[in-house]
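In what follows, a single structure is set out as structure tokens and then discussed.
Laboratory data are not the source of any read-out in this text; all were calculated from the coordinates shown. Every value quoted in this text rests on a predicted model; they were computed, and no experiment measured them. Don't worry about glycine lacking a Cβ; one is built from the backbone with ideal geometry, like all the others, and counts go over all protein chains shown.
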């Protein structure tokens, strides 16, 4: 629906909700006002994702209501800047990398920078109430902000069947913004903000933050899963270690990797967030074309097919030896996923990459695909 220079539209909750792509889901002037269809089953819940383009207005004092015969809660995916460095003494050290939707916050949460010209996301979680009867119910969701009112028609189809609900894990919700502080003048921020960690009362010192953040992140990820969203990586890097030994084989040779140990919390996190919550997929790894010419191991050495950029911990390998190392590493990871029973859910994500890195990307992927377990990884670019 459009009203002057502001608009709102619904989005299929299984689609990736990324800053760069959300606007492409806008039906435009000719998109009509067809009712969004939401299917609800007894004992389950469903989600409705609404995009709000505030135009030149600030999305202040947002209120969302609904006349549907069901219980609905609303959260916002705030648009926050992401930096390549941590926060030290309240100041960001690093350059602005862009923006992302993170995290799920109340509608009036102060963390939102109240930016102009940005698309905001509202996520509604719908559960049947005591008076919700089977059948199709016509209703609407109404958004009020900045003196404007937008109403979106919604058709709620309630089934008499009682089934185990299938959660939708299409939205990409990042982790990095948990540790960084939005600053005035960076990206689309118009005032200084606070980090998610600071909001939860955690020590902003990065040396102690990650250990303190673990219980908060656990609750955070369970909350967004409850609301039919799923994180890129469910806090697996927070005090959850993967152990293995790096055994050097000599100059020019790929090291051997032995004594793999996933008992440092990694497998426990997979069981908690992936298996027990019924996740449809798991991001086992993430990289980009530039980084896929190298692999950094636990011995703090970087092995690469590229020349040494004056790094004392850099080891150059031939293509054959590097591909052997890549295959060894990811096949061991995949074997562990197979033992957990989730190998068919594993996705290796490759971020946006420039054309001159495609050769490295292809070789890296083929190194994984040449092994009996890691060949089952799904590759997303």
Mind giving me the nanometre distance, one decimal, between the label points for residue 71 and residue 354, set 7 Å out from Cα along Cα→Cβ? 5.3 nm
Calculate the length of the line joining the C-alpha centroid of region 128-158 to that of region 326-370, in whole Å. 43 Å
Please give the FRET efficiency for residue 363 paired with residue 39, using the beta carbon to beta carbon distance and R0 = 41 Å, rounded to the nearest 0.05. 0.40
With label points set 7 Å from each Cα along the Cα-to-Cβ direction at residue 136 and residue 313, the distance between them in nm comes to 6.1 nm
For region 252-381, diffusion coefficient by Stokes-Einstein and Kirkwood Rh (Cα), 4 °C, 1.567 mPa s, µm²/s: 83 µm²/s
So for each of 135-142, 268-275 I average, over its residues, the number of other beta carbons within 10 Å; can you give me the resulting order with the highest mean first? 268-275, 135-142
Set of region 120-141 residues, backbone N closer than 16 Å to the point 7 Å along the Cα-Cβ line of residue 151: 138-141
Take the Cβ-Cβ distance between residue 297 and residue 335 as r, set R0 to 22 Å, and report the resulting FRET efficiency rounded to the nearest 0.05. 0.80
Gyration tensor (alpha-carbon) shape descriptor, region 242-289, a/c threshold 1.5: oblate
Please list, in order, the residues from region 309-344 whose amide nitrogen is less than 19 Å from a point placed 7 Å along the Cα→Cβ vector of residue 381. 323, 326-327
Multiply the residue gap between residue 162 and residue 268 by 0.36 nm, knock off their C-alpha separation, and tell me the result in nm, one decimal place. 35.1 nm
